[in-house]
Amino acid sequence: MNMEFKRKLPTPKEVKEMYPISDEMAEIKAKNDEEVQAIFTGKSDKLALVIGPCSADREDAVLDYISRLRKVQEQVKDKIVIIPRIYTNKPRTTGDGYKGMLHQPDPNESPDMLKGLIAIRKLHMKAIEETGFSCADEMLYPDNHRYLSDLLSYVAVGARSVENQSHRLTASGLDIPVGMKNPTSGDLSVMMNSITAGQHKHTFIYRGWEVNSKGNPMTHAILRGYVNKHGQSLPNYHYEDLMHLCELYAKTDLVNPGVIVDTNHANSGKKWAEQPRIAKEILHSAQINSDIRKMVKGFMIESYIEDGAQKIGECVYGKSITDPCLGWEKTEKLILELADMR
């Protein structure tokens, strides 16, 4: 085997015992969970806004950004529920170099998984303590989810993971909303099969245990656009795309049919400045069709303090080191505009 086994890492239980959440933090998360879950079960008509940097690169900038979101949340609380993105596993697309905070708690130093596990847990804990937000993270590695399972209010399964059986089965055992992205090919049947698997109960192996899952009725779709055989980005957020998804849901026995629309990635062609236009078009579609309004639960928006993305080797505070993001001033304006349109 072409691997070097460096050291055995602590289990999720051990890390949670080292860095436990307080009763107050648990109460905050429970309250947040109730509000978020009401959106995905159809009890609330508010929009869910999963928003933040493509990849959480440094604690100080991420907490600075989230504290700004808290102030805006108070202004739009009657219309929008903000779920900050703290994506701690997010690598560059090719997988070369930086692989996220879990692997490199300091992007300028060598990978250190033990420090990374501690860093991502402490970051999510500080988000709750300092801002009252329990956040979203991408389930890039299903076995790692339990390191943060008592801190998250939302989980996304990415376009390159949605066909993976481990992701689907793990999603079926979670008690928070899980979004399944359409694959990069754009084949919605793959996404729909993944949602079905997530909503059903299963028996499987998880972290060395035989486990039974009860099924997660809050498993839903995320539309993120797709790439054709020529490598060109194509969107799937237009009115016709949303109506097609409504029709796909209608042919199933899935409960709580819902979708979060990712306004970046292939939907924008990674043209980050297009995100406000895309979100507004979707809300317009919802205004003229009640089925779309009922199905669209909100948006996934890539946003940070500074516009765009920095190049490898740069070190710019609050600027994405992976995919380009919408800067803060444009973000604040967009959130207020979305609330006015709802």
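The values are calculated or read from the model by the stated rules, or taken from the named source; none is laboratory data. Since the structure is predicted, the reported quantities are computational estimates derived from the model, not experimental observations. As a convention, Cβ positions derive from the backbone with ideal geometry for all residues, glycine included, and neighbour counts pool all protein chains shown.
Is it the case that Ala197 is outside any strand (DSSP E or B) and on the phi < 0 side of the Ramachandran plot? Criteria met by Ala197. Residue count for the stretch 1-52 satisfying the condition of being of a type in the set (Gly, Ala, Ser), under 19 Å from Leu174 (Cβ atoms) and in contact with a helix residue (DSSP H, G or I) (Cβ under 7 Å, 6 or more places away or on another chain): 1.
If you filter the stretch 85-107 down to residues that are surrounded by fewer than 16 Cβ atoms within 10 Å (Cβ to Cβ) and at pLDDT below 65, you find that the one that is farthest from Thr184 (Cα to Cα) is Gly97. Annotation note: Cβ proximity below 7 Å between a residue of the stretch 142-156 that is in contact (Cβ under 8 Å) with a residue 40 or more places away in the chain and part of a helix (DSSP H, G or I) and a residue that is hydroxyl-bearing (Ser, Thr, Tyr) and surrounded by fewer than 23 Cβ atoms within 10 Å (Cβ to Cβ) (sequence gap 6+ or interchain) occurs for Pro142/Ser166.
Exactly one residue among Val81, Val76 is buried (at least 16 other Cβ atoms within 10 Å of the Cβ), more than 16 Å from the chain's Cα centre (by Cα), within 21 Å of Thr263 (Cβ to Cβ) and at pLDDT 95 or above, and that residue is Val76.
Report, ordered by the first and then the second residue, all pairs with beta carbons closer than 9 Å, sequence separation of six or more or different chains, a first member in the stretch 212-227 that is within 13 Å of Ser172 (Cβ to Cβ), and a second member that is part of a strand (DSSP E or B) and aromatic (Phe, Trp, Tyr). What qualifies is Asn212/Phe204; Ser213/Phe204; Ser213/Tyr206. Taking (1) more than 19 Å from Val50 (Cβ to Cβ); (2) surrounded by fewer than 17 Cβ atoms within 10 Å (Cβ to Cβ); (3) not β-branched (Val, Ile, Thr) in turn, Asp175 satisfies each apart from (1).
Name the one entry in Lys311, Lys330 that is free of Cβ contacts under 8 Å to residues at least 40 places away in the same chain, surrounded by fewer than 19 Cβ atoms within 10 Å (Cβ to Cβ) and more than 18 Å from the chain's Cα centre (by Cα).
Lys311
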